[in-house]
Amino acid sequence: MARLSWSSRKKKLSQHKTQYRGRFAPSPTGPLHFGSLVAAVGSFLDARHHHGIWLVRMEDLDKPRCVPGAADDILRTLDVFGLHSDEPVIYQSQRTVAYEEALRQLKHSDDVYPCCCTRKEISDSATHGIEGPVYPGTCRKGIPAGREGRAWRVLTDDAALTFDDALQGSITQHLESEIGDFVVKRADGLFAYQLAVVVDDALQKISHIVRGADLLNSTPRQIHLQKLLVLSTPHYMHLPIAVNEAGEKLSKQTLAQAVNIAQPVSELWHALSFLRQKPPHELIDENLEAVWEWARQNWRPENLIGLRALPAVTDEFEHRGNE
Ligand code: GLU
């Protein structure tokens, strides 16, 4: 066998070092619906297309929002679709120690401070940002006498934070004026999604994050935390979200139906069609493996460039998710 030249060896080594590791991170607040199936399929195909690893992580941190049995139900549904995690599924509810450690690090570097403000106090004195009230910084210089810290917030600044999304292009946010110092540990003692997701993506060595565009606004907060915790920033690709006729994201709140596990081929075909992959009609009569094989070989995420939301139902097909 011919010896590899230095440049191809180096290339191989660097490919190895930056092995593609993707993930799907559902919150078990209900059964898997069409919108979350799309995120699962998109992240899985992108990983497989790059010969990468694909993981499932249960984001069951927000106990009050979790529905008993939903995590198992989601995993069973993924199984029916042949969507198996390449490594054991991790559960955020069991990873408090890792989040405590990250918070300790942020305290040590003086990047977080305790906050005593209630929701009402904040909304009374805040300006409105892209995701609701912008925290006015009341507790930045210390908690007023006689009050007690309830949550922990991370300091932000107003420098332009820019990242390149594979589909949505260059995204810039000014955290301090658009979002404000945000919560990393909540008043109820639970760690916030923004911190947990950053810690877990880093510990699981996730190199590529493929998820719904509803999380596009969260990404600068996550990059901010990655910088403070000296973690590397993965590549991001935000897929369009599935919306109903009223333009609302399919979710438990908008009463999205569970995917039909009796018809995985048809559901997968519709997910591919939603993702603008143009699956041939004949595929619908094939078995699941054949559909996956076609999808892996023909994965063209560039068909989704610039799209942030798409109807779950188009004229081309009537999807149950939008009834
Ligand atoms: N758990 C989040 C959700 O279900 C997704 C988090 C992520 O992909 O970063 O909306």
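The values are calculated or read from the model by the stated rules, or taken from the named source; none is laboratory data. These numbers come from a predicted model, not from an experiment. Here the Cβ is made from the backbone with ideal geometry for all residues, glycine too, and neighbour counts use every protein chain on show.
When region 51-69 is filtered for residues that are within 13 Å of the ligand (Cβ to nearest atom), out of contact with any Asp or Glu (no Cβ under 7 Å at 6 or more places or on another chain) and not in a loop (DSSP other than H, G, I, E, B), the ones remaining, listed by number, are V56, M58, R65.
Taking the criterion of being in contact (Cβ under 8 Å) with a residue 24 or more places away in the chain, surrounded by 16 or more Cβ atoms within 10 Å (Cβ to Cβ), among the β-branched types (V, I, T) and touching a helix residue (DSSP H, G or I) at 6+ places or on another chain (Cβ under 8 Å), the only residue of region 129-148 that qualifies is V134. Summed over region 164-188, the residues that are assigned to a strand (DSSP E or B), more than 16 Å from the ligand (Cβ to nearest atom) and either polar (S, T, N, Q) or surrounded by fewer than 22 Cβ atoms within 10 Å (Cβ to Cβ) (or both) give a count of 7.
Any idea which of R150, R140 is among the charged types (D, E, K, R), under 20 Å from F191 (Cα atoms) and modelled with pLDDT of 95 or more? It is R140. Number of residues in region 22-50 that are more than 19 Å from L75 (Cα to Cα) and within 14 Å of the ligand (Cβ to nearest atom) equals 1.
Residues of region 149-163 that are part of a strand (DSSP E or B) and in contact (Cβ under 8 Å) with a residue 60 or more places away in the chain: V154, L161, F163. For region 78-85, the count of residues that are in a loop (DSSP other than H, G, I, E, B), in contact with a Pro (Cβ under 7 Å, 6 or more places away or on another chain) and either surrounded by 18 or more Cβ atoms within 10 Å (Cβ to Cβ) or not polar (S, T, N, Q) (or both) is nonzero. So in region 287-308, with the set limited to residues that are within 22 Å of the chain's Cα centre (by Cα) and in a loop (DSSP other than H, G, I, E, B), which one is surrounded by the most Cβ atoms within 10 Å (Cβ to Cβ)? Checking each candidate, the answer is W299.
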